[in-house]
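**Student:** The following block contains the structure, expressed as structure tokens.
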Amino acid sequence: MDPSFIIAQLISGLTMATLLFLVASGLTLIFGVGNVFNFAHGSFYMLGAYLAYQTVSSWHTNFWVATFAAALGAGILGMMAEFLFLRRIYGRSEEGGFQILLTYSFILVIDDLVKLVWGTEYKSLLRPAGFSGSVHVGGLTIPTYNLAIIAIGLIVVVLAWLILSRTRPGRIARATAIDREMMNAMGVNVPFTMTLVFGIATALGGFAGALAAPLRSVTPGAGIEVIIDSLIVVVIGGMGNFWGAWLGALILGEVNAFAVAFVPEWASVFSYLVMVLTLIFKPEGLFAARGVRKV
């Protein structure tokens, strides 16, 4: 087998893993700190893609500026959703059921709003200037934009680890994950912390959507596919575990890349197969401890 083909698939898998990690890390952060499973997290990924498309196509903004604007927009909308809706169901005995119903309703509302504003046609976004070509290494051709995404993912991993483990806000978030009531008694503004965490998490989802826009079509319903893959990542890594999300995304990205290359008609099955095997042999996930507490 050609070694260059193997390396190309590895890079393709790393690219997908990076995008999945950006989404899954936000999902993990929300669950790890607030014990909330945001079923609509994929919708913020979709919003990020549309916001980046709108910013570039209508206002002719630099792609990277549009990407950060999309992340900011998704984060603000996420904070509004937490402040106006999710905050009102914390502490109820039926909280889990309310969370699922409420966040699922967000999916329906956001999808319809996207169709109303941007229509149902597929949108496309060109790769940013300077990253539309390829790097040639021997007989291997590597798209420069894929390398940029991988580099960005590594930067996010390091920054997230530093923030969670080395800064006061990070320590507050980790402590809130352990005992919300105690932190409230100590004078920490827990509701604000929850809103801020939700905003950061949804911003990560929007950032991933904006980065993915030049690689795939921007279309309504894109959030459903990514939330399913992100859920698989979270299950593999361990619910609420940051490093588990990274490892889960890496496993799923590479499995999908090689499955598409060798058995494309069965590619989607392999994602679920990895999840099933994980649930059989390690049902709590590869990293059992809850995420932000163990970063």
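**Student:** Taking the options Ala267, Ala257, Ala245, name whichever one is without any contact (Cβ under 8 Å) to a residue 24 or more places away in the chain, of a type in the set (Gly, Ala, Ser) and within 30 Å of Thr67 (Cα to Cα).
**Tutor:** Ala267
**Student:** Could you tell me which numbered condition Phe192 fails, if it satisfies all but one of (1) out of contact with any Asp or Glu (no Cβ under 6 Å at 6 or more places or on another chain); (2) in contact (Cβ under 8 Å) with a residue 12 or more places away in the chain?
**Tutor:** Checking Phe192 against (1) out of contact with any Asp or Glu (no Cβ under 6 Å at 6 or more places or on another chain); (2) in contact (Cβ under 8 Å) with a residue 12 or more places away in the chain, the one that fails is (2).
**Student:** Any chance segment 114-121 includes a residue that's in contact with a strand residue (DSSP E or B) (Cβ under 9 Å, 6 or more places away or on another chain) and either surrounded by 12 or more Cβ atoms within 10 Å (Cβ to Cβ) or within 24 Å of Leu20 (Cα to Cα) (or both)?
**Tutor:** yes
**Student:** Can you name the residue in segment 53-68 that is over 14 Å from Ile152 (Cβ atoms) and touching a Leu at 6+ places or on another chain (Cβ under 7 Å) and, of all such residues, is surrounded by the most Cβ atoms within 10 Å (Cβ to Cβ)?
**Tutor:** Val56
**Student:** Can you name every residue in segment 124-151 that is in contact (Cβ under 8 Å) with a residue 24 or more places away in the chain, under 26 Å from Ala249 (Cα atoms) and in contact with a helix residue (DSSP H, G or I) (Cβ under 7 Å, 6 or more places away or on another chain)?
**Tutor:** Answer for segment 124-151, where residues must be in contact (Cβ under 8 Å) with a residue 24 or more places away in the chain, under 26 Å from Ala249 (Cα atoms) and in contact with a helix residue (DSSP H, G or I) (Cβ under 7 Å, 6 or more places away or on another chain): Leu125, Arg127, Pro128, Leu140, Ile142, Asn146, Ile149, Ile150.
**Student:** Scan segment 1-38 for residues that are hydroxyl-bearing (Ser, Thr, Tyr) and over 25 Å from Phe68 (Cα atoms) and report the count.
**Tutor:** 1
**Student:** Taking the condition touching a Phe, Trp or Tyr at 6+ places or on another chain (Cβ under 9 Å), outside any helix (DSSP H, G or I) and over 11 Å from Ala210 (Cα atoms), does Phe83 pass?
**Tutor:** No, not satisfied.
**Student:** Is it the case that some residue within segment 192-213 is surrounded by fewer than 24 Cβ atoms within 10 Å (Cβ to Cβ), among the small types (Gly, Ala, Ser) and within 21 Å of Met79 (Cα to Cα)?
**Tutor:** Looking through segment 192-213, at least one residue is surrounded by fewer than 24 Cβ atoms within 10 Å (Cβ to Cβ), among the small types (Gly, Ala, Ser) and within 21 Å of Met79 (Cα to Cα).
**Student:** Name the residues in segment 21-37 that are among the polar types (S, T, N, Q) and either touching a Cys at 6+ places or on another chain (Cβ under 8 Å) or within 24 Å of Met182 (Cβ to Cβ) (or both), would you?
**Tutor:** Correct list: Thr28, Asn35.
**Student:** For segment 45-68, check the following and say yes or no: at least one residue is under 30 Å from Asp179 (Cβ atoms) and either assigned to a helix (DSSP H, G or I) or without any contact (Cβ under 8 Å) to a residue 60 or more places away in the chain (or both).
**Tutor:** No; the residues of segment 45-68 include none that is under 30 Å from Asp179 (Cβ atoms) and either assigned to a helix (DSSP H, G or I) or without any contact (Cβ under 8 Å) to a residue 60 or more places away in the chain (or both).
**Student:** So which residues in segment 214-231 are among the β-branched types (Val, Ile, Thr) and surrounded by 21 or more Cβ atoms within 10 Å (Cβ to Cβ), if there are any at all?
**Tutor:** Of everything in segment 214-231, those that are among the β-branched types (Val, Ile, Thr) and surrounded by 21 or more Cβ atoms within 10 Å (Cβ to Cβ) turn out to be Val218, Val226, Ile227.
**Student:** While we're looking at this one, here's another question. Could you count how many residues in segment 6-27 are at pLDDT 90 or above and of a type in the set (Val, Ile, Thr)?
**Tutor:** The total comes to 4.
**Student:** Only one of these conditions is not met by Val255: (1) over 26 Å from Arg127 (Cα atoms); (2) surrounded by 18 or more Cβ atoms within 10 Å (Cβ to Cβ). Which number is it?
**Tutor:** In the conditions (1) over 26 Å from Arg127 (Cα atoms); (2) surrounded by 18 or more Cβ atoms within 10 Å (Cβ to Cβ), Val255 misses (1) alone.
The values are calculated or read from the model by the stated rules, or taken from the named source; none is laboratory data. Bear in mind the structure is a predicted one, so any value in this text is a computation, not a measurement. Don't worry about glycine lacking a Cβ; one is built from the backbone with ideal geometry, like all the others, and counts go over all protein chains shown.
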